[in-house]
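**Q** Below are the structure tokens for one structure; questions will follow.
No lab work stands behind these numbers, since they all come straight from the coordinates. All figures in this text were calculated on a predicted structure; none of them were measured in a lab. Backbone-built Cβ (ideal geometry, glycine too); neighbour counts: all protein chains shown.
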Amino acid sequence: MLIAGIDIGSGTTKCLLVDETGTVRGRGLVRTKADFERVAREVLEAAQATDGGGADTVGYVATTGLGRYAVPFRDIQITDLTCGARGAATLFPTTRYVLDIGAQCSRAIKLREGGKVKEFHMNEKCAAGSGGFLERAAKYLEVTVADIGALSLRSAKPQPISSVCAVLAESEIINHVSEGVSVDDILRGIHNSLADRALNLLKRVGLDGEVTLIGGVALQEGMVVALREKLGVPVNVPEAPQYATALGAALLGLQRFRKLSAPAAA
């Protein structure tokens, strides 16, 4: 039997399947749509299609993310802060902090023992500090999101993006383009700007040790390099950072399932 962790984010929805030993058996990712129940079923089917066992039954479903309440077939819902912390701590047991840069907001989390949340701060007032801003910048600069990381690494003279407002930051990008600044330098400037905002968030939770970066933005090499230069501490990046929160949901769901399945004390 499998346990599913479904993370319904504002940009994408992820599902990760684990068996009763906690071993990952399948994963799926789809674009988030307005119908959260439908997208949850779609991503669950996608994850089941990658399961090596094929016909294994999903016996317990844990949901997280902004749409976690909107999945009627769930067995439990868990906050994405809790799941992100658990997923990061599972992948990197020595990590003390988690940085989650999502499509709409960024979060800095300080961990206590066992991968539990001790303290956190979020930047959700403006998209300039999130992955969604990178998507809009890529569209304006006529590059794909998948290419942003490599292009950023080619920068010879990063151009600063100083505005904390997404609208004003976009105006800065337009000005840079009109002045003939290269796409590479603009993108590295954006990564540096996001790294500055991340550092400010992490300082608010008392940054003084190892950080694990999760979320889809962690797939961009330029962002990782900018963070490592800015933070001055070790920065871990999972092999599949976009699934870290779904992993936490699946493992916490497994933990709950074991408790429910345990025989009652005599």
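**Q** Work out, step by step, the length gained on full extension between E229 and R258: first 0.36 nm times the residue separation, then minus their alpha carbon distance; give nm to one decimal. All intermediate terms of the calculation are to be shown ahead of the outcome.
**A** Values: separation 29, 0.36 × 29 = 10.44 nm, distance 4.23 nm.
Difference between extended and current length: 6.2 nm.
**Q** Quote the FRET efficiency, to the nearest 0.05, computed for A156 versus V177 with a Förster distance R0 of 22 Å and r equal to the Cβ-Cβ distance. Write down the numbers at each step before the final one.
**A** Values: r = 17 Å, r/R0 = 0.77.
Between A156 and V177 the formula returns 0.85.
**Q** Still on this structure, please answer the following. Kirkwood Rh, the chain, all Cα pairs: how many Å?
**A** 19.0 Å
**Q** While we're on this one: Taking every DSSP beta bridge with both residues inside the stretch 93-237, roughly what % is antiparallel (nearest 5)? Spell out each step's value before the answer.
**A** Working: 12 of 18 bridges.
Taking every DSSP beta bridge within the stretch 93-237, about 65 percent pair in antiparallel fashion.
**Q** Per the helix-only calculation at 222 nm, which mean residue ellipticity applies to the chain, given -39500 (n - 2.57) for every DSSP H run of n ≥ 4 and division by its residues, nearest 500 deg cm²/dmol?
**A** It lands at -13500 deg cm²/dmol.
**Q** Here's a follow-up. Sort 38-51, 7-20 by the packing proxy (mean of other Cβ within 10 Å over each peptide's residues), most packed first.
**A** For the peptides 38-51, 7-20, the packing ranking is 7-20, 38-51.
**Q** Taking only Cα atoms, what is the 0 to 90° angle, nearest 10, from helix 221-231's long axis to the longest principal axis of the chain?
**A** 80 degrees
**Q** When the chain is fully extended, how far beyond the present Cα-Cα distance does D208 get from R112, taking 0.36 nm per residue of separation?
**A** Extra length from D208 to R112 when fully extended: 33.2 nm.
**Q** What do you get for Rg/Rh over the stretch 136-255 if you use C-alpha atoms and the Kirkwood form of Rh?
**A** With Rh from the inverse mean 1/r over Cα pairs, Rg/Rh is 1.02.
**Q** If you restrict to DSSP beta bridges whose two residues both lie in the chain, what percentage is antiparallel, to the nearest 5?
**A** Antiparallel bridges: around 65 percent, rounded to the nearest 5.
**Q** Quickly rank 111-117, 64-70, 231-237 as a protection proxy: mean count of other C-beta atoms within 10 Å, highest first.
**A** The densest-packed peptide leads the list: 64-70, 231-237, 111-117.
**Q** Something else now. Treating the angle as unsigned and between 0 and 90°, give the value, to the nearest 10°, between the Cα long axis of helix 80-91 and the longest Cα principal axis of the chain.
**A** Between helix and principal axis, roughly 90 degrees.
**Q** Just the Cα atoms of the stretch 1-127: what Rg and Dmax do they give in Å?
**A** 14.7, 44
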